[in-house]
Amino acid sequence: QVQLVESGGGSVQAGGSLRLSCAASGSTFRRYCMGWFRQAPGKEREGVAAIYTGGGSTYYHDSVKGRFTISQDNAKNTMYLQMNSLKPEDTAMYYCAAGPSTTIGTVCPGWVRSGGIGYWGQGTQVTVSS
C-alpha cells in the first residue's frame, strides 16, 4: 500500500518555474517506478516523467524535455518535478503516481507511457499565464 501527497503547485507567468513535490509513504523497502502525470480540461491524461527509485532510469515526454527534471530523495521518500521555462500549455492538474514493485528500472518508461497503473496522489494545480 502506497500513499502519495503532492504539493508545490501554483500560478506563474510564462517562463517561470515551479518545483512539485510528492511525499510517499508505505513503500520504504521496495523498488518501484514513480512518475508525474498531468491532465488539462478537455485533454487526455499525459505521462510527463518517470523515475526508478532504485536509480538509473528516467523518462520525459517530448513536450517537456529540456524544461522539466524529475528527481528523488530516497532518504526522505520524496520525488520532485522541477519545471522551468513554463508555458501556458503546461497548465494542468499534476498527479504523482507509483507503480508496482520491480527490480528492473528499464520498465519505468513503458509504465508511464501506458498510463501509470498503481497508486495516485490527489493532484496539485499548475497554472501558467501568458
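The values are calculated or read from the model by the stated rules, or taken from the named source; none is laboratory data. These numbers were taken from a predicted model, which means no experiment stands behind them. Here the Cβ positions follow ideal geometry from the backbone for every residue, glycine too, while neighbour counts run over all protein chains shown. Just the protein is used for accessible areas: all its heavy atoms, side chains included, with ligands, DNA and RNA removed. Shrake-Rupley method; radii C 1.70, N 1.55, O 1.52, S 1.80 Å.
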Contour excess over end-to-end distance, with Cα ends at Q125 and S57 and 0.36 nm allotted per residue: 21.9 nm
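Please tell me the relative contact order of the chain in percent, rounded to the nearest whole number, where contacts are Cα pairs under 8 Å and at least six residues apart.
Reported as a whole number, the value is 36 percent.
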Whole-angstrom Cα spans of segment 35-87 along principal axes, big to small: 37, 20, 17
Cα-only Debye scattering, segment 57-130: base-10 log of I(q)/I(0) at q = 0.16 Å⁻¹: -0.67
Residue-count net charge about G115 - beta-carbon cut-off 11 Å; Lys, Arg +1, Asp, Glu -1: 0
Under Karplus coefficients 6.51, -1.76 and 1.60, residue-wise ³J(HN,Hα) of segment 88-101 in Hz, glycine/proline x: x, 6, 7, 4, 5, 7, 9, 10, 8, 9, 10, x, x, 4
Relative counts (whole %) of C-alpha pair distances in segment 90-130, using bins that are 5 Å wide: 6, 20, 23, 20, 14, 10, 5, 2, 1
Per-q log10 I(q)/I(0), the chain, q = 0.15, 0.17, 0.19 Å⁻¹ (Debye; single scatterer per alpha-carbon; no solvent): -0.61, -0.79, -0.99
Largest to smallest accessible area among E46, E6 [probe 1.4 Å]: E46, E6
Check: the chain dipole with +1 on Lys, Arg Cβ and -1 on Asp, Glu Cβ, in debye: 160
Solvent-accessible area, 1.4 Å probe, carbon plus sulfur percent, for the chain: 50
Per residue accessible area of the chain, 1.4 Å probe, in Å²: 50
